[in-house]
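Read the structure below first, then the notes.
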Amino acid sequence: MKKAIKTIFVMSFLLMVSIAIKSNAASLNAISINTNKEIVNPGTEVSLNINFGTPLGSYTFDINYDNNLLEYVSTDGGTANDNGSKVRIVFYDSTGGTNPKDTMSVKFRAKEGLQTSNPTDLSITAEGLANPDASIQYDDILVPIKKNIVVEPKYEDYKFSFEYNGNPIVNEEKDFKLTLSSTLGRFYDHARILAEATTPNNGNIQLIGTDEQQLEHDLIDNGWGDASGYKIGGQVNQVLNLRGIFDTVGQYTVTFKLIDRDNSDTVIATNSFTINVEDKNTSSGNTNNGEITRKTNRNTK
């Protein structure tokens, strides 16, 4: 009988201790995390900002990052220790609760030399969370909170130039040079060049180029190259030598488009050029290098 009473007493005591511990624990539900940039260019900084939602007298935060893309810079809101891929920030209010923290921030810098888009996560966990007088211990954050950013270079627009000497003569073949260029173009797996034209009096135009396999492509009818597109990006200087034929005298407008086949043929860049086609007997022999009026639509994929 005494043994049973003792067992009941012990169990009751443990239950009371458990209730007391739980009464001093809470979840930090109001915490919010953001960055001041979603896209970070090489050599520039991004700040990870953590708002606790309530004053804290102590905490230890771990922020894991990809050291192939980022490097740690500084911390505001605690003592930091960076090991090259994880920075740990520790804070303890030594005043006993009169100087708690509501927020903290960590700065990272994107590494130089990157030429592609790199989505990455900043992964945050925490422990030792307590209110200013340590009367409430908050639950550890064991499941990482992740904040996504993209580290990528500052891309330059693609542009077309269209060159030729002298105005074309009706029904005579004319040489043209179409150039697509960018000093640092965004990368696409399946891009394609298309062309369309407005013509005088329902006139017809052909712009024919020959690829590396000696196959001819009429850009007006079919666009350039394989219908599925081709890879493009980085430093680009793509030159197409074309042969043009026009069957009607007058003014033609040719519009070239670079499209992204993987994104519903979204237009990446477009340029329009005016061509004046003359009759052989009235040709002025003027030189025309295809003045550029560039209109560029960047895809933000």
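The values are calculated or read from the model by the stated rules, or taken from the named source; none is laboratory data. Being a predicted model, the structure only gives us computed values, none of them experimental. Positions of Cβ are generated from backbone atoms using ideal geometry, with glycine treated the same way; all protein chains shown enter the neighbour counts. Remember, those area values only see protein heavy atoms, side chains included, never the ligands or the DNA or RNA. Shrake-Rupley method; radii C 1.70, N 1.55, O 1.52, S 1.80 Å.
What strands (runs of 3 or more DSSP E) lie completely within the stretch 43-134 and have 3 or more residues being touching a Ser or Thr at 6+ places or on another chain (Cβ under 9 Å)? Let's see the steps before the verdict.
Details: elements: 45-56, 58-64, 70-76, 79-82, 86-92, 101-110, 118-130.
Qualifying strands (runs of 3 or more DSSP E): 45-56, 58-64, 70-76, 86-92, 101-110, 118-130.
Just one of the numbered conditions (1) modelled with pLDDT of 95 or more; (2) within 35 Å of the chain's Cα centre (by Cα) is not true of Asn222: (1). Among the residues of the stretch 119-134, those that are within 30 Å of Pro153 (Cα to Cα) and surrounded by fewer than 16 Cβ atoms within 10 Å (Cβ to Cβ) comprise Pro119, Asp121, Ser123. Of the strands (runs of 3 or more DSSP E) contained entirely in the stretch 172-243, those carrying at least 3 residues that are at negative phi and either open to solvent by 40 Å² or more (accessible area, probe 1.4 Å) or in contact with a Phe, Trp or Tyr (Cβ under 9 Å, 6 or more places away or on another chain) (or both) fall at 174-198, 205-210.
Scanning for something hydroxyl-bearing (Ser, Thr, Tyr), buried (at least 19 other Cβ atoms within 10 Å of the Cβ) and within 19 Å of Pro42 (Cβ to Cβ), does the stretch 79-98 turn up at least one residue? The answer is no, given that none of the residues of the stretch 79-98 is hydroxyl-bearing (Ser, Thr, Tyr), buried (at least 19 other Cβ atoms within 10 Å of the Cβ) and within 19 Å of Pro42 (Cβ to Cβ).
Considering only the stretch 148-158, how many residues are part of a strand (DSSP E or B) and buried (at least 19 other Cβ atoms within 10 Å of the Cβ)?
Step one: list which residues in the stretch 148-158 are part of a strand (DSSP E or B), which gives 148-151.
Imposing the further condition that a residue be buried (at least 19 other Cβ atoms within 10 Å of the Cβ) reduces the set to 149, 151.
Total satisfying the criteria: 2.
Among the residues of the stretch 245-256, is any modelled with pLDDT under 95 and either assigned to a strand (DSSP E or B) or within 18 Å of Asn165 (Cβ to Cβ) (or both)? Scanning the stretch 245-256, I find no residue that is modelled with pLDDT under 95 and either assigned to a strand (DSSP E or B) or within 18 Å of Asn165 (Cβ to Cβ) (or both), so the answer is no. Looking only at the stretch 159-171, count every residue that is over 17 Å from Asn276 (Cβ atoms) and part of a loop (DSSP other than H, G, I, E, B) and tell me the total. Qualifying residue count, the stretch 159-171: 0. Filtering the stretch 246-270 to residues that are surrounded by 17 or more Cβ atoms within 10 Å (Cβ to Cβ) and either among the hydrophobic types (A, V, I, L, M, F, W, C) or in contact with a Leu (Cβ under 9 Å, 6 or more places away or on another chain) (or both) leaves Phe246, Val249, Val254, Phe256, Lys257, Leu258, Ile259, Ile268, Ala269, Thr270.
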